[in-house]
Amino acid sequence: DHIAVDENNGNIGSCWHVEREDGITVPLTRGCSFYTTDKTTGLIKTGFKVTEMVVKTNKSFSDNLVGSASKFIQATEKFSNASAKVSSFTQRQQQEPKSIIEKYFQAWNNRDLETALDCFTDDATYQTEDPVFVDTFRGKDSLKEHLLKNAATLPSSCQIILDDLAIDESNGTFGVRWHLEVDGVGIPNLKGCSMYTKDKSSGLLKSGYDVTESPVKVPEFVQD
């Protein structure tokens, strides 16, 4: 569907779906992938793939979970005096962002939602596939509501760490591989991959597609 090929570092990000021979899309086969390549040979060194959730959560479940999580977070952060560990990558994220996609993630990590929203066009679309939020948000008002709910679900010490980027200026696309940390400690089963596109005239993001790894893993003997 989209591809981002970074000419500087050789990274490649993509979002895709599977079709039958007659061109009909196979249900539940959308996803994102991220690859690193060897600069000398051009061959793929590493690959990371995530697919959409087979079991989709509904809005009622998400709203109830957000409400419960918000109360729990307020209580724990009020009485917690533990010093936060900060990863080296998080420290680098406090530096001046070099691209619009880095600016967006930095604003989110700082819970500066207005700056995060300013990274998008007014008619932007944003789709999420994760254990809590499975939805498509159209326009800034809808996206703002999603970001507010997301912020209420996660503690302020929770950061999205950008593991790698594929910035393709010619296509106006951004591939991102990331994971979540709380107090500098990675959270199991919360790695993901995203694809963003930008409006070339304004330089702002016009679409986003986030896919988080599934919390339920299929055993190897089943795959065989």
Out of the stretch 122-140, which residues are open to solvent by 30 Å² or more (accessible area, probe 1.4 Å), under 17 Å from Tyr104 (Cβ atoms) and either free of Cβ contacts under 8 Å to residues at least 24 places away in the same chain or among the hydrophobic types (A, V, I, L, M, F, W, C) (or both)?
Asp122, Lys140
Just one of the numbered conditions (1) crowded, with 19+ Cβ neighbours inside 10 Å; (2) over 25 Å from Pro215 (Cα atoms) is not true of Phe105; which one?
(2)
Quick one: Glu169 ticks every box in (1) touching a residue at least 12 places away in the same chain (Cβ under 8 Å); (2) under 22 Å from Phe34 (Cα atoms); (3) charged (D, E, K, R) bar one, so which box is it?
(1)
Positions within the stretch 156-174 being of a type outside the set (Val, Ile, Thr) and open to solvent by 30 Å² or more (accessible area, probe 1.4 Å), in sequence order:
Ser156, Ser157, Asp163, Asp164, Glu169, Ser170, Asn171
When the stretch 1-55 is checked residue by residue, the ones that are open to solvent by 80 Å² or more (accessible area, probe 1.4 Å), touching a residue at least 60 places away in the same chain (Cβ under 8 Å) and part of a strand (DSSP E or B) are His2, Ile3, Lys49
Among the numbered criteria (1) within 10 Å of the chain's Cα centre (by Cα); (2) open to solvent by 50 Å² or more (accessible area, probe 1.4 Å); (3) at pLDDT below 95, which single criterion is violated by Arg177?
(3)
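The values are calculated or read from the model by the stated rules, or taken from the named source; none is laboratory data. Just so it is clear, the model here is predicted, and its values are computed rather than measured. Note: ideal-geometry Cβ built from the backbone for every residue, glycine included; neighbour counts use all protein chains shown. Accessible surface is based on the protein model in full, side chains and every heavy atom, while ligands, DNA and RNA are left aside. Shrake-Rupley method; radii C 1.70, N 1.55, O 1.52, S 1.80 Å.
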